[in-house]
1. Once you place label points 7 Å from the Cα toward the Cβ at residue 70 and residue 142, how far apart are they in nm?
2. Could you order peptides 71-82, 41-52 by the average number of other Cβ atoms within 10 Å of their residues, highest first?
3. Using label points projected 7 Å from each Cα along Cα→Cβ, tell me how many nm separate residue 272 and residue 124, to one decimal.
4. Quick one: length gained pulling residue 224 to residue 285 fully straight, 0.36 nm per residue minus the C-alpha distance?
5. Calculate, in nm to one decimal, what residue 192 and residue 40 gain on full extension: separation in residues at 0.36 nm each, minus their alpha carbon distance.
6. Averaged over all directions, how much area does the convex hull of the C-alpha atoms of segment 142-257 cover when projected, in nm²?
7. How would you order 219-229, 58-68, 117-127, 154-164 from highest to lowest mean count of nearby Cβ atoms within 10 Å?
């Protein structure tokens, strides 16, 4: 009888420990949330760092919410830096990709240009980009749905999504360097140091993003103008992908080049459609490397 009582006590103690362990993450998250939203700046920054170190879905979701809600710019920049580092853990991944674990690529480049559609993109826009980019860059273009939802990305005060984080997130689902990726989205974009972000790319990556919403002439109350819209789409897409081919984030200083920086729709409308004499050969060399793979390094120029 005594043995049975001791056994029951032991089992009860083990169950209590198990319940406590299961409740601990929730308790910890609650306390970290309280500190992160608190008035003490040092405690808030410490809590934010701990949340990023935990790195599970609930913690990362909390960081995304805090990024949008906090008025502390220093804390916002810290959160953004941590989220960029932990892009693979953002709560926008399909359930199959467990937070904290390796992300399995789901698309292969294979020497192609992949147009990844984020949501409902008009067929006319798709066709325009397919024809224009195939012609101007000489790469086979394929349309695919975006392999990951981008709805959970943190936004700035104007509701625009972080372009750099979007690129990082999608790039983890694509394997191979022989090819390029263009994310096509309706979402407004923003990037640090840029007054207007209709498109963006990482110069040393293979992925770029294009916001069709930012380029629509009717966005600011203007009349419908398909020719202007198509020209904007084409030039921003070429410029963004051009950065990945040139392997640089720098814009061309020459006004006669499509790689020249633009900061407004008016400047984009005045942008040249062609590459300059410096950028053109470098872009063609980048395309050659994609088309011929490693042998392009030995091909005669």
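Nothing in this text is a laboratory measurement; each read-out follows from the coordinates by a stated rule. Everything quoted here is computed from the prediction, not taken from an experiment. Cβ placement follows ideal geometry from the backbone for every residue including glycine, while neighbour counts extend to all protein chains displayed.
1. Reported label-point gap for residue 70 and residue 142 is 4.1 nm.
2. 41-52, 71-82
3. According to this spin-label approximation, the distance is 3.1 nm.
4. Stretched fully, the residue 224-residue 285 segment lengthens by 18.2 nm.
5. Gain on extension, residue 192 to residue 40, equals 52.1 nm.
6. Directional mean of the projected Cα hull area for segment 142-257 stands at 8.3 nm².
7. Going from most to least packed, we get 58-68, 154-164, 117-127, 219-229.
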